[in-house]
Amino acid sequence: MSEKRQKSVCPAWGNYKELQELVRHHIESFDYMAARGLEVMMENIKPVKIYDPATDTTLSHILFVNPKLQLPQKERFRTKHNALYPFECRQAKISYTGKLIADVCFQYDKKAVIRESFNFGQLPIMLKSSLCYLRGADPKKLVSLKEESAELGGYFVLNGLERVARPLILQKANYPMSTVRDSFRDRREGFTDKAVVIRCLREFQSSLTDQSSLTVKLYYLRNGSARLGFWIQGREYLVPVGIVLKAFIETYDQEIYQQLTSCNSDGHEKGKGAVGSQLVGERAKIILEEVRDLSLFTQDDCLRHIGEHFKPVMEGFENEEPLNVGHAVLKNYIFVHLTNYDDKFNLLIFMLQKLFSLIDQTSSLDNPDALQNQEVLLPGHIITIYMKEKLEDWLRKAKKLVQDELAKPNRFNFLSVPDVKKIIDRNPSSQISSAVENMLKTGRLATQTGLDLHQRAGLTVQAERLNYLRFLSFFRAVHRGATFAGLRTTSVRKLLPESWGFLCPVHTPDGEPCGLLNHMTYCCRVTSFFDPEGGVKDFFEIRKSILGVLSGLGMAPSFPRLAASGPPQALSVLLDGRVVGSIRSSEVEKVVSKLRRLKVSAASMIPNDLEVGYVPLSMGGAYPGLFLFTSPSRFVRPVRNITIPPEDGRDIELIGPFEQVFMEIRCPDGGNGGRNDAFPATHEEIHPTAMLSVVANLTPWSDHNQSPRNMYQCQMAKQTMGYSLQALRYRADQKLYHLQTPQTPIVRTSTYAKYCIDEYPTGTNAIVAVLAYTGYDMEDAMILNKSSVERGMCHGTIYQTETVDLTEDRTAGQMFMRSSKGPKFLDVDGLPYVGQILQPDEPYCSFGNTIEPKTRVFKRKGSETVVVDYVAVDTKKKKLQKANIRFRHPRNPIIGDKFSSRHGQKGVCSQLWPDIDMPFSGATGMRPDLIINPHAFPSRMTIGMLLESLAAKGGALNGKFVDATPFASSVKKDDAGCTKSEPKSLVDDLGEALKSHGFNYHGVEVLYSGVYGTELTCEIFIGPVYYQRLRHMVSDKFQVRSTGVVDQVTRQPIKGRKRGGGIRFGEMERDAMIAHGAAYLLHDRLHTCSDYHIADVCSICGSVLTTTFIQPHKKMVRVGGFGQVPPQNPKKVLCQACKTSKGMETVAMPYVFKYLASELASMNIKMTLNLSDGA
Amino acid sequence: MEERSYQRKPVVKIREMKDDYMKFELRNTDASVANALRRVMIAEVPTVAIDLVEIEVNSSVLNDEFIAHRLGLIPLTSERAMSMRFSRDCDACDGDGQCEYCSVEFHLRAKCVVDQTLDVTSKDLLSSDHTVVPVDFNEIAGDETSEQKGVMIVKLRRGQELRLRAIARKGIGKDHAKWSPAATVTFMYEPEININEDMMARLSLEDKQSIVESSPTKVFDIDPTTQQVVVVDAEAYTYDDEVIKKLESMGKTGLIDIKAKEDSFIFTVETTGAVKASQLVLNAIEILKQKLDAVRLSDDTVEADDQFGELGAHMRGG
């Protein structure tokens, strides 16, 4: 075997840098919020004004400045060491939060500004963010803080639970998108289904943004005109586009006409890249006529028109001039990413051109489901925009409180800020943070406006530490949005080529969230507010330098007006949704390649994550243009730019999904991949596995498997019982699965070492024989070697924690204690001993109060014997009132437990077979640990598993790990020397290794029957395969019952495993019995074993309900010594209706039948039975 | 019809014998006997192993069950096991394993008081009976000077402590693998390899070479003097048929003929150290005898006699 095959897979200890990269987007988004985001957001909240007519003063400019977020601190501790650490929060079931303080400014009339500090409560702090104590801690420090040595952070600890914000897919910000949606037709009469939609990220001076967004839609009308739709206070308003155009700038009709028709010059009709048509001019005329019909001629006319119409809905503008209202509407609700009216005008013209081209079918629509037109919503950003709304609410309420108070007769001193503050404090400011905490706890947004998001629930999820891979996946997951989950169409779930390299095609669950819950590939990153050096990016400077570069390269700047030429001669250049100019189409390619070079060079001001979205001219393709994006929260991934000489070492370029679509990226296998010569590759993938997620990358030789099997493996890897945590001792998770003796796989991919999976291994190298041995391996069952299991294979434990908080109890003064009569095996403090074995239904702690002598106990539920692992008590109070008691459930493999290889081959243990009966190898004496059936392979085609077995056998013989990185043959060999001389196949490589150790080339061995000692007629394929134990275990699932609890009303067995109920024998089962004619069985199941009842029926009136027992008069019966049974009185039954017991008969019937009779009686329906002797 | 005796006299020839390893030939018997011997060696030869653990203090990183399981798997010297009683059959004690006939008590006390990690190994297990102690692997390897300290149980850091009492009992591998004295027991049929010299002589040297190389194990070689293919190690043959297949592909079927002798076996026995390999074989034969006695003396066998007639007598070894 070649040395190369194991070089890259040896573990590197303690290097968690690559791991940390995986959660970077979570942490960076939070860091920005803490560093600048909150400040920018608060400073740009619209100040409120309160006018007091009595003193004729205006309290104006109530606004927030200078927010300060503090490190998490313990309450009520005024000593030096008052830092609150995450592990304490986890154990005490509290939240890891820091105090948020901000100044609120008050200004009376034009006097000096008075600042008053407000406490905005305890804001949840993300672990390993800049405000966390774990930030920058090395593994040693982390361990001393009772964390994992490989702690990643990126999540919140809320009430002791770890919750991760789930990144959501959003429409790409600041990019006008051609959209077709049927619902547009229903907006108003005359609307079509076509529109151009832009989601604008609000921006202020010097390019600061608070991350809130506002969507503007430009609808096309059937008459050729267009309407601009924008949202105010949760309602959409539609305005004729001409009015908005004219309101933006002082212009004249001819200019607008020229601008709109700039793209349809003569001679280019139907040529490549022509987007205009004759009809555009007609439409422009219609738009202009609409405005003229309303007799609006000047900019002021239009503004006033808008102002008059929007005054009622604009809060705080009740007393303003219509002109000012008009300005406010344009400023705050239309194209909020732009501050300049000229820019807004240019963008609207561009959008109209794009809309008309969509109508004329000279350009295609943009797919909203394609990653090309999407970006991601990150935790820090959602907190910022949610908090913004909460602060605005708070201000509004504060204003109302003050105004209400002013209206009252006994008034307070309006001129004193402390007095005002007192009133404002009636609506406590601390609830701002608790609203955020609640949002993170429940994942639910409590908002009126919807924050321009399409979903209000499921924004955060609990990060289960079932095993490491599952935990990691929470940070790499991106969700398409809850609204799509309910959709009946499946188009959103489709795997589109646009997501290549960004979202993993393999790692998505099957079933309900399939295709909606995706995972980022391991090299996919999200752009942030931070530059590579860790400083906050200055977008103003960045854009300025980009503009500088562009003008230097021959871009005609658009300021103040767009040049009157469009595609195909010139392409518009949009920088973050602002039309900055146009470039001659012949020049564009040069500009693009220059920009790309500047992107990767360290010297330039151009950021390395700039997205150069060059949409080339085409015949009816996407609307052409050069779209540049510098914004954060875009996906990016690294590829190699081969136009740059690799000598510089700076040829790795970050590309986004928008530009990727129009780029030529080749596979690094050296071939051209069937590429047309006209489009030579400009970029190259770094490694073909870059299209897979971390979990998908761990499947060895996944390129040899049938694709759905790799998907199953991604599922199962996340349900594997593994080494979940190293700091297990300090955890109080409700349930943790833990494998006692895990192993590192012999066959592994390069990803395994890169992400230090050895810290948290998930399986065992089991010797697997593939044969049909006893029949117990049929249908995906597997036989485990009993001796192997007894020696510790796949032994595991479940750690389960019960948190007992007596303070929650209403009765005060409760504390843990043991009474003298209480259970002896509890300690004197009422808590169990560590290491103690507890049977089901035994008490695990007792409590009471000091007044009453009585104590009560908590009993163990379930049917398992457990061991007390750990008891932690809260010693903050004098009394012991709060304790975490952790139990260990030993879970060693038994029949019915589930196992799986890493190739989607799962199975259930059907027998623990004695070692001596297992087949053995004559040469080595080896018996397999596990037997699977050969039928598992033909239909599933998991060749990777066969290869793994072969390779692991060779690796075990060599004592070396084997590299099973997929697509290894598609990578250019490092040294050109061995490329030609090594055309050998993978199997050859593995087979030779076996042969050199005296084993069969094909991995088969001659085995002897363990029972008879004779040679098996076939040679058996046998070798080590890494097997995972899945968390589904019979002990948690089995349900048996002979007799037990019955339902009170129906007297039928109750349902539910927990309560000891039965399994439902339903209609379909009943049908099957009927079809078989198994009448006796049916009777047994549905009647005898269910609600068998002997009812007394009156044959005279036929009623089952009118019977009553008559208590026979108690006769004095002399009991005649032992052995003599007292004579039983026959029960006397009487029919109340007939007043006789003559016609009483007993009839066996289901009890529900009687119940039915009484139900019917309650509806005044009488049911009578006609009794006859069954003949 | 003449009385025939099916009785055979099996022969054992020892090839190699070490404390924990043995290789011997078993001839003049059939696979059923050979396999029975193998099965008994693995699953029914008794040893002593820790079965009950009372933990007094355990502040180590491993939990109680884990340590108890590890202790159970430590091989203990079990020469005395054959003469010991199963604790379930012991009359002298009430089954708590405190008596000398059925159990051995162990104590382990370890506490780490230094900054280095303290390795708690099987050497730290103190036995109440000097005949039943954890197996010393250095002794077996004949390496007295080595630093190896026995089987690792747990590692302790400063302040951690492990204190426990363990009771070892007699048991068999059928009940739990920890009582199995055998690491590996396997046998193979002795191969009989015949080379057709005439056909072989007609082959070219390359062909011969390829025949030799076709077997992954070194069964054949070319005699440097005669340039003929010779069998160097017939027992290295694993019945993988590689040579036969090779010859078939060359069109030389019948050049080499390999047969497995039905009545001779080569056993390889490796023990865990609990019993010496030689003793393991002897114990296994003893137990096998007891089992056959049990069959012979059982009432069912008498009934079977009527059923099987003279075969019944054979079954009893007559």
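Sort A:Glu375, B:Glu161 by Cβ crowding within 10 Å, fewest neighbours at the top.
Least crowded to most crowded, the residues run B:Glu161, A:Glu375.
Under 16 Å Cα to Cα from A:Lys876, which lysines show up? Leave out anything in the same chain fewer than 8 places away.
Cα-Cα hits under 16 Å: A:Lys74, A:Lys93.
What is the distance in Å between the Cα centroid of segment B:245-273 and that of segment B:151-196?
30
What lysines does A:Lys854 reach when the alpha-carbon gap must be under 21 Å and sequence neighbours fewer than 8 apart in one chain are set aside?
Straight-distance partners of A:Lys854: A:Lys821, A:Lys824, A:Lys878, A:Lys879, A:Lys882.
Averaged across the residues of B:33-41, what count of C-beta atoms belonging to other chains lies within 10 Å of each residue's C-beta? Each step should come with its number before you reach the end.
Working: counts 1, 2, 9, 1, 1, 6, 7, 1, 1.
If you average over the peptide's residues, the count of other-chain Cβ atoms is 3.
For B:Val295 and B:Ser32, what does the FRET efficiency come to when R0 = 22 Å and r is the distance between their Cβ atoms, rounded to the nearest 0.05?
Efficiency computed from Cβ-Cβ geometry: 0.95.
So what is the calculated 222 nm ellipticity per residue for chain A, using -39500 (n - 2.57) for each DSSP H run with n of 4 or more, over all residues, to the nearest 500 deg cm²/dmol?
Calculated mean residue ellipticity at 222 nm is -7500 deg cm²/dmol.
Once label points are set 7 Å from the Cα along Cα→Cβ at both A:Leu71 and B:Ser83, what is their separation, rounded to one decimal in nm?
Between A:Leu71 and B:Ser83, the simple spin-label model gives 7.1 nm.
Work out the FRET efficiency for A:Leu487 and A:Lys408 from their Cβ-Cβ distance, taking R0 = 41 Å, and round it to the nearest 0.05.
0.20
For chain B, what does -39500 (n - 2.57) per DSSP helix run (n ≥ 4), summed and divided by total residues, give at 222 nm, in deg cm²/dmol to the nearest 500?
-8000 deg cm²/dmol
State the dimensionless ratio Rg/Rh of segment A:331-412 (Rg: radius of gyration of Cα atoms; Rh: Kirkwood radius).
So for segment A:331-412, dividing Rg by the Kirkwood Rh gives 1.24.
Once fully extended, how much extra length lies between A:His997 and A:Lys824, figured as 0.36 nm per residue of separation less the alpha-carbon to alpha-carbon distance?
56.1 nm
Rounded to the nearest 0.05, what FRET efficiency do A:Leu1156 and A:Arg1057 have when you use their Cβ-Cβ distance and R0 = 22 Å?
0.20
Of A:Lys172/A:Lys594; A:Lys141/A:Lys735; A:Lys861/A:Lys1037, which sit over 22 Å apart, Cα to Cα?
Working: A:Lys172/A:Lys594 25 Å; A:Lys141/A:Lys735 26 Å; A:Lys861/A:Lys1037 15 Å.
Too far apart for the 22 Å limit: A:Lys172/A:Lys594; A:Lys141/A:Lys735.
Cα gyration tensor of segment A:797-891, axes a ≥ b ≥ c as square roots of the eigenvalues: rounded (a/c below 1.5), prolate (a/b > b/c) or oblate? Can you show the working numbers first?
Details: a/c = 2.06, a/b = 1.57, b/c = 1.31.
Since a/c reaches 1.5 and a/b is larger than b/c, the shape of segment A:797-891 is classed as prolate.
Would you tally the net charge around A:Lys285, using a Cβ to Cβ cut-off of less than 13 Å, leaving A:Lys285 out, and scoring K and R as +1, D and E as -1?
Local charge sum for A:Lys285: -3.
For chain A, which DSSP H helices look membrane-span-like by this rule: Cα extent along the axis of 20 Å or more and mean Kyte-Doolittle of at least -1.0? Show your work: numbers first, answer last.
Numbers: long enough: A:278-293 (23 Å, -0.25); A:341-359 (27 Å, 0.76); A:379-407 (42 Å, -0.51); A:585-600 (24 Å, -0.36); A:943-958 (22 Å, 0.88).
Helices meeting the criterion: A:278-293, A:341-359, A:379-407, A:585-600, A:943-958.
Exposure proxy check: A:Met918, B:Met17, A:Met711, A:Met945 ranked by fewest other beta carbons within 10 Å? Intermediate results must be reported in sequence, preceding the final value.
Working: A:Met918 26, B:Met17 14, A:Met711 21, A:Met945 29.
So the residues, fewest neighbours to most, are B:Met17, A:Met711, A:Met918, A:Met945.
Arrange the following residues from fewest to most other Cβ atoms within 10 Å of their Cβ: A:Asp915, A:Asp829, B:Asp223.
Ordered from fewest to most neighbouring Cβ atoms within 10 Å, A:Asp915, A:Asp829, B:Asp223 come out as B:Asp223, A:Asp829, A:Asp915.
With each pseudo-label sitting 7 Å past Cα toward Cβ, what's the B:Thr131-B:Arg158 distance in nm, one decimal?
Rounded to a tenth, the inter-label distance reads 4.6 nm.
Return the subset of A:Lys441/A:Lys877; A:Lys311/A:Lys390; A:Lys128/A:Lys390; A:Lys146/A:Lys906 for which the Cα-Cα distance in this structure is over 29 Å, preserving the input order. Can you show the working numbers first?
Values: A:Lys441/A:Lys877 26 Å; A:Lys311/A:Lys390 24 Å; A:Lys128/A:Lys390 26 Å; A:Lys146/A:Lys906 36 Å.
Beyond 29 Å: A:Lys146/A:Lys906.
Testing the spin-label approximation: label points 7 Å from Cα along Cα→Cβ at A:Thr1050 and A:Thr1088. State their distance in nm.
2.1
No value in this document is a laboratory result; all are computed from the given coordinates. Worth saying up front: this structure is predicted, and the values here are computed from it rather than measured. All Cβ positions, even for glycine, are placed from backbone atoms using ideal geometry, and neighbour counts span all protein chains on display.
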